[in-house]
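For reference, the structure is listed below as structure tokens.
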């Protein structure tokens, strides 16, 4: 069975600091999809990124970047120059196929202090 | 824009009641999912459906059932609600690889 581990339960940084959220996954399948979601205090889950197992290119979107390394089964998420609006719970998730559900990590609560 | 709606944001029910949580999506997605979210546990998959009248158990199906009579609607049923089913329930549909989530229903069973 697959598993996603987010070892950091809570991270607190001061605004403008860079912060990296760790995600380690386990699966025996060679084809899979990795996701990051943001859950702000309002509660809705906001999709951030999807990566498939054949695409190890890192991705940058504004202040957000993702580092996918199959060799270490990790899919880490970095926020550069953090802002208070980045405060949220962030979830990493794994999906095996289009008809499968997501296996989520337990989430990392990110607190950005002004 | 894909829209996934859930019938209630907040719901309070008594132990032993039969509870229906409704989810509707407007994008003709084949696959729909129900998750529950609990502090410290993340989101866990309860049931999913890949077609009308089809259903599959997820990781924690005990105490729940589902119904999918129409493609756009996926219902989660608590046959006899118990206090340990107090949780946030999230519905999702897929596109096919991106899961769109509804706003969630916070259910309290007293």
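The values are calculated or read from the model by the stated rules, or taken from the named source; none is laboratory data. Keep in mind it's a predicted model, so treat the numbers as computed, not measured. So basically every Cβ, Gly included, is an ideal-geometry build from the backbone, and we count neighbours across all protein chains shown.
Of all the criteria given as (1) buried (at least 16 other Cβ atoms within 10 Å of the Cβ); (2) more than 14 Å from every other protein chain (Cβ to nearest Cβ); (3) closer than 21 Å to residue A:47 by Cβ, the one not satisfied by residue B:109 is (3).
May I ask you to say which residue of B:47, B:100 is under 23 Å from residue A:50 (Cβ atoms), out of contact with any helix residue (DSSP H, G or I) (no Cβ under 7 Å at 6 or more places or on another chain), in a strand (DSSP E or B) and without any contact (Cβ under 8 Å) to a residue 40 or more places away in the chain? Even if it seems obvious, please write down each step before you answer.
On the way: B:100 fails: without any contact (Cβ under 8 Å) to a residue 40 or more places away in the chain.
One residue alone meets the criteria, B:47.
The residues of the stretch A:1-51 that are in contact with a strand residue (DSSP E or B) (Cβ under 7 Å, 6 or more places away or on another chain), part of a loop (DSSP other than H, G, I, E, B) and closer than 13 Å to residue A:79 by Cα, listed by number, are A:15, A:18, A:22.
Is it the case that some residue within the stretch A:52-71 is part of a strand (DSSP E or B) and either in contact (Cβ under 8 Å) with a residue 60 or more places away in the chain or within 15 Å of residue A:105 (Cα to Cα) (or both)? For the stretch A:52-71, residues part of a strand (DSSP E or B) and either in contact (Cβ under 8 Å) with a residue 60 or more places away in the chain or within 15 Å of residue A:105 (Cα to Cα) (or both): absent.
Could you please let me know if residue A:57 is surrounded by fewer than 13 Cβ atoms within 10 Å (Cβ to Cβ), modelled with pLDDT of 95 or more and farther than 24 Å from residue B:6 by Cβ? First the steps, then the outcome.
On the way: surrounded by fewer than 13 Cβ atoms within 10 Å (Cβ to Cβ): yes; modelled with pLDDT of 95 or more: no; farther than 24 Å from residue B:6 by Cβ: yes.
Answer is no for this residue.
Within the stretch A:1-43, the only residue that satisfies the criterion of being free of Cβ contacts under 8 Å to residues at least 60 places away in the same chain, surrounded by 14 or more Cβ atoms within 10 Å (Cβ to Cβ) and more than 15 Å from the chain's Cα centre (by Cα) is A:43. Looking across the stretch B:24-44, the residues that are out of contact with any helix residue (DSSP H, G or I) (no Cβ under 9 Å at 6 or more places or on another chain), within 14 Å of chain A (Cβ to nearest Cβ) and in a strand (DSSP E or B) come down to B:32, B:33, B:34, B:35, B:37, B:38, B:42, B:43, B:44.
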